[in-house]
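Have a look at the structure below before the remarks.
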Amino acid sequence: MKNKLFTALTAMCVMASCTSPKETPIDRETLVHRNNPQITAIDSLASLSVGNGEFAFTVDATGLQTFPNTYKMGVPLGTQSQWGWHSFDNPKNLKPEEALKEYDFGRGHKELYATQFKEDGRAKDAANWYRVNPHRLHLGIVGFELGDNVTPQQITDIKQELDMWKGEINSHFKFNGNDFNVKTVCHPSIDMIAAEIESKAHAGICFRFPYPTGGHCDDACNWDANDKHSTTIVSQDKQSAVLKHQLDATTYYVTVRWEGNAELKEKQKNYFVLTPQDDKFAFTCTFTPENNATNAATVAETQKASAEYWKAFWTNGAAVDFSECTDPRAKELERRVVLSQYLLAIQCAGSTPPQETGLTYNSWYGKFHLEMIWWHQAQFALWNRAELLDRTLGWYESVEPVAREIAKRQGFDGVRWMKMTDPSGTEAPSKVGSFLIWQQPHLIYLAELLYRNNPDDKKILEKYGDLVQKTAEFMYSFASYDTLNGRYILKGAIPAQETLRAAETVNPPFELSYWHYAMQVAQDWRERRGMQRNLQWDEMIDKLSPLAYNEDKLYLAAETATDTYKDIRFTSDHMAVLGAVGILPMNKLIREEYMKNTLNWIWDNWNWGKTWGWDYPMTAMNAARMGEPEKAVGALLMNKRTNTYLVNGHNYQDGRLRLYLPGNGGLLTAVAMMCAGWDGCTEKNPGFPKDGTWNVKWEGLKPMP
């Protein structure tokens, strides 16, 4: 799959453009180069990464992973993949069904949810085990062997740059009076790094393999458990070696090939050192789940492949140029936009959905959250890179049987997509996540984006048509009919604003709007596939409850949250009400005047210190649709901790989440909409002020629905 994608990207030569023919095309190489990160000191929040969507490798200022402990609590030096997972032993033979608990939300049947338990016993043990397992692996540290007592302070004269046009990290530094020049790349279709090193120091290259921690949020490196795993050399010659790393029932392989004279020796258990004997030295390191790393691409070939891939990436996707804007904020917005494209391509464009910290370090045990896939990946379609979205979305088909069983055990039709999961689709027990429903329509929305990018390609309808149908079947059966008031309601769910409780919440606004939009799209898909419209679905669309509001004509966090503007629970976390218009188009459930009132109140009064990175682009999208472009720009650049973008482009949240890729994806989605607009919008750059300071040029963007 990766090879096909690489070939498709590099073969494309025609630049997509939606600008006027009279406009000068954007100089894309200059655009990218002027936003390359440059590092001049050891900084734990300034690590840089190379990757290909399936695999990523993060380095410190030396160009390799020399000081992992220094970066541990910053942006860690991860080596992670989509396939690298591990589970601890399960001596009690705990079963997923033991973590289920029965609930009654008044829908006429009992519902079983995978939740967490306070009381000791097998149910609690099962919930805890399946929450932690499986967890994503750190595949191994590859760094310089400079000495056991060397400190980062001994590294001087640092000059490091990430060349995003080539996908290449160039690092210069001095150690003990010796110059080091290092070039680091990742192969675009193999889980392999290549490093070219020039130094008279002949410093060794260390390969260290950790045992997993099973921690909720960490670098996944337990260096104090050597007795629990082993690394052995299974084959070796003068220019290569294959290492086998075995952890409980998990095994994977690391193939190291070097160019020049060098010797590989075991320093201690799970720790090997490759020592070069020449001033110029190069090596590749490939990680595979099986001992089948037969591709012997050289370092030069890998560098060439990387440069070709990234040139095609930047040339054929969309581009936005802020260089002619005079607003002083424009330069920073452009930096965030360019860096976010790079980060999402290497971290979030794989064969399974991405975790919120990508392939850099573990959050929520390395598992991914399906309510976040929209935030990571809707932007790929809008930025004319639909093939990267399609690469991931196919995973849903593989876990459809699991999702069908979840719906069945809860008494619903169709498929109910899990919230927190892993490549197998196993549902991670949660007292919150298992009750969310806004991940459900994402499959329909994202499939629609793929279709809109190429409506003549019937393969998209064939590939995702059944999944769209089954997703909508669940959505219809989940809605309850309120006979007394002749309407459909949503209840028994925790909404996107997670401060609300499932048992008390009726008709959260974002979910209502999303049900309305996604069910209409599902009907469109039926017609495109030659099927009749489902009349029951049409009835539900017509009779969905309108959004609830108060006497001040402000929309509530839910129909049952009558104290929305008095209770801190309802003015913290995600202001999901704004997603009802912004992420989604205006619909008959919403009054534009009331939504604009709600935006203005939130702008002035929300507890912005209790928000997340994607709340700012969500606000921007709402503001753009409400005709408030100054607020749209202001939201994207609001000076708040959770809206901070580090020198490497990562969206910093707090000491736990030092990077947060849904923020980056949301930023790109918002900027695409602020430039290219949405269905029915005829205004150019509708999300930017018309005061002459925002002359934004763009090419290739797609409008939002």
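The values are calculated or read from the model by the stated rules, or taken from the named source; none is laboratory data. These numbers were taken from a predicted model, which means no experiment stands behind them. Ideal geometry is used to build each Cβ from the backbone, glycine not excepted, and the neighbour counts take in all protein chains shown.
Can you tell me which residues in region 149-170 are under 21 Å from Leu339 (Cβ atoms) and out of contact with any Lys or Arg (no Cβ under 8 Å at 6 or more places or on another chain)?
Initially, region 149-170 is screened for residues under 21 Å from Leu339 (Cβ atoms), giving 158-170.
Selection gives Ile158, Lys159, Gln160, Glu161, Leu162, Asp163, Met164, Gly167.
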Right, Pro703: closer than 17 Å to Trp374 by Cβ and either at pLDDT below 95 or surrounded by fewer than 24 Cβ atoms within 10 Å (Cβ to Cβ) (or both) or not?
-> yes
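Working only within region 479-505, note down all residues that are in contact with an Asp or Glu (Cβ under 8 Å, 6 or more places away or on another chain) and under 18 Å from Pro441 (Cα atoms).
Step one: list which residues in region 479-505 are in contact with an Asp or Glu (Cβ under 8 Å, 6 or more places away or on another chain), which gives 488-490, 492-493, 495-499.
Passing the criteria: Tyr488, Ile489, Leu490, Gly492, Ala493, Pro495, Ala496, Gln497, Glu498.
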Between a first residue in region 686-705 that is among the hydroxyl-bearing types (Ser, Thr, Tyr) and a second residue that is at pLDDT 95 or above, which pairs have beta carbons less than 7 Å apart while being 6 or more apart in sequence or on different chains?
-> Thr693/Cys325; Thr693/Thr326; Thr693/Asp327
From the residues in region 117-132 that are at pLDDT 95 or above and of a type in the set (Lys, Arg), which one is surrounded by the most Cβ atoms within 10 Å (Cβ to Cβ)?
-> Arg131
Would you tally the residues in region 429-465 being over 22 Å from Phe380 (Cβ atoms), over 18 Å from the mean Cα position of the chain (by Cα) and not β-branched (Val, Ile, Thr)?
-> 6
Counting only residues that are among the hydrophobic types (A, V, I, L, M, F, W, C) and surrounded by fewer than 18 Cβ atoms within 10 Å (Cβ to Cβ), region 133-155 contains a total of 1
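Hey, can you tell me all the residues within region 148-166 that are touching a helix residue (DSSP H, G or I) at 6+ places or on another chain (Cβ under 9 Å) and without any contact (Cβ under 8 Å) to a residue 24 or more places away in the chain?
Narrowing region 148-166 to residues touching a helix residue (DSSP H, G or I) at 6+ places or on another chain (Cβ under 9 Å): 151-152, 162-166.
Hit for region 148-166 is Thr151, nothing else.
Return the only residue of Asn181, Asn270 being modelled with pLDDT of 95 or more, touching an Asp or Glu at 6+ places or on another chain (Cβ under 6 Å) and closer than 30 Å to Asn149 by Cβ.
Working: Asn270 fails: touching an Asp or Glu at 6+ places or on another chain (Cβ under 6 Å).
It is Asn181.
How many of the residues making up region 492-509 are under 16 Å from Ser434 (Cβ atoms), touching a residue at least 24 places away in the same chain (Cβ under 8 Å) and either under 29 Å from the mean Cα position of the chain (by Cα) or assigned to a strand (DSSP E or B) (or both)?
Step one: filter region 492-509 for residues under 16 Å from Ser434 (Cβ atoms), giving 492-496, 498, 500-503, 505.
Retained after the next criterion (residues that are touching a residue at least 24 places away in the same chain (Cβ under 8 Å)): 492-496, 498, 500, 502-503, 505.
Next cut, either under 29 Å from the mean Cα position of the chain (by Cα) or assigned to a strand (DSSP E or B) (or both) only: 492-496, 498, 500, 502, 505.
Number satisfying all stated conditions: 9.
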Unmet criterion (only one of (1) touching a strand residue (DSSP E or B) at 6+ places or on another chain (Cβ under 6 Å); (2) surrounded by fewer than 16 Cβ atoms within 10 Å (Cβ to Cβ)) for Arg257 = (2)
Taking region 670-695 as the search range and keeping residues that are surrounded by 24 or more Cβ atoms within 10 Å (Cβ to Cβ) and touching a strand residue (DSSP E or B) at 6+ places or on another chain (Cβ under 8 Å), which one is nearest to Phe380 (Cα to Cα)?
-> Ala672
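Determine whether Tyr365 is at pLDDT 95 or above, in a helix (DSSP H, G or I) and at positive phi. Let's see the steps before the verdict.
Values: at pLDDT 95 or above: yes; in a helix (DSSP H, G or I): yes; at positive phi: yes.
Criteria met by Tyr365.
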Failed criterion for Val415 (all others in (1) farther than 14 Å from His369 by Cα; (2) surrounded by fewer than 21 Cβ atoms within 10 Å (Cβ to Cβ); (3) out of contact with any His (no Cβ under 8 Å at 6 or more places or on another chain) hold) | (2)
Do any helices (runs of 4 or more DSSP H) entirely within region 1-116 hold 1 or more residues that are at pLDDT 95 or above, over 26 Å from Asp390 (Cα atoms) and more than 26 Å from the chain's Cα centre (by Cα), and if so, which?
-> 28-33
Subset of region 117-154 [under 25 Å from Thr505 (Cβ atoms), under 26 Å from the mean Cα position of the chain (by Cα) and not charged (D, E, K, R)] | Ala127
Selection over region 274-290 where residues are of a type in the set (Asp, Glu) and either buried (at least 16 other Cβ atoms within 10 Å of the Cβ) or closer than 16 Å to Val182 by Cβ (or both) yields a count of 2
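Determine whether Ala293 is surrounded by 14 or more Cβ atoms within 10 Å (Cβ to Cβ), of a type in the set (Gly, Ala, Ser), under 32 Å from the mean Cα position of the chain (by Cα) and not in a helix (DSSP H, G or I).
Values: surrounded by 14 or more Cβ atoms within 10 Å (Cβ to Cβ): yes; of a type in the set (Gly, Ala, Ser): yes; under 32 Å from the mean Cα position of the chain (by Cα): yes; not in a helix (DSSP H, G or I): yes.
Taking the combined requirement at face value, the residue satisfies it.
Taking Ala300 as the residue in question, decide whether it is assigned by TED's automatic domain parsing to the domain that holds Val234, farther than 14 Å from Pro188 by Cβ and part of a helix (DSSP H, G or I). Break it down into steps so the answer makes sense when it comes.
Values: assigned by TED's automatic domain parsing to the domain that holds Val234: yes; farther than 14 Å from Pro188 by Cβ: yes; part of a helix (DSSP H, G or I): yes.
Spelling it out, Ala300 is indeed assigned by TED's automatic domain parsing to the domain that holds Val234, farther than 14 Å from Pro188 by Cβ and part of a helix (DSSP H, G or I).
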Complete set of residues in region 174-190 that are more than 32 Å from the chain's Cα centre (by Cα), closer than 26 Å to Lys304 by Cβ and either among the hydrophobic types (A, V, I, L, M, F, W, C) or in a loop (DSSP other than H, G, I, E, B) (or both) = Phe180
Leading residue by the ranking (farthest from the chain's Cα centre (by Cα)) among those in region 527-537 that are under 23 Å from Glu462 (Cα atoms) and either basic (Lys, Arg) or part of a helix (DSSP H, G or I) (or both) | Leu535
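Every residue in region 650-660 that is buried (at least 23 other Cβ atoms within 10 Å of the Cβ), in contact with a helix residue (DSSP H, G or I) (Cβ under 9 Å, 6 or more places away or on another chain) and in a loop (DSSP other than H, G, I, E, B), please. Write out each step before concluding.
Taking region 650-660 as the starting set, the residues that turn out to be buried (at least 23 other Cβ atoms within 10 Å of the Cβ) are 650-651, 658-660.
Okay, now just the ones that are also in contact with a helix residue (DSSP H, G or I) (Cβ under 9 Å, 6 or more places away or on another chain), so 650-651, 659-660.
Within region 650-660, His650, Leu659, Tyr660 qualify.
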Is it the case that region 642-649 has a residue that's touching a strand residue (DSSP E or B) at 6+ places or on another chain (Cβ under 7 Å), within 19 Å of Thr357 (Cα to Cα) and surrounded by 24 or more Cβ atoms within 10 Å (Cβ to Cβ)?
-> no
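Results for (1) surrounded by 20 or more Cβ atoms within 10 Å (Cβ to Cβ); (2) closer than 30 Å to Ala428 by Cα, shown as yes or no for each residue.
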position	(1), (2)
Ile197	yes, no
Thr232	no, no
Ser240	no, no
His245	yes, yes
Report yes if Pro429 is more than 30 Å from Trp698 (Cβ to Cβ), in contact (Cβ under 8 Å) with a residue 40 or more places away in the chain and crowded, with 24+ Cβ neighbours inside 10 Å, otherwise no.
-> yes
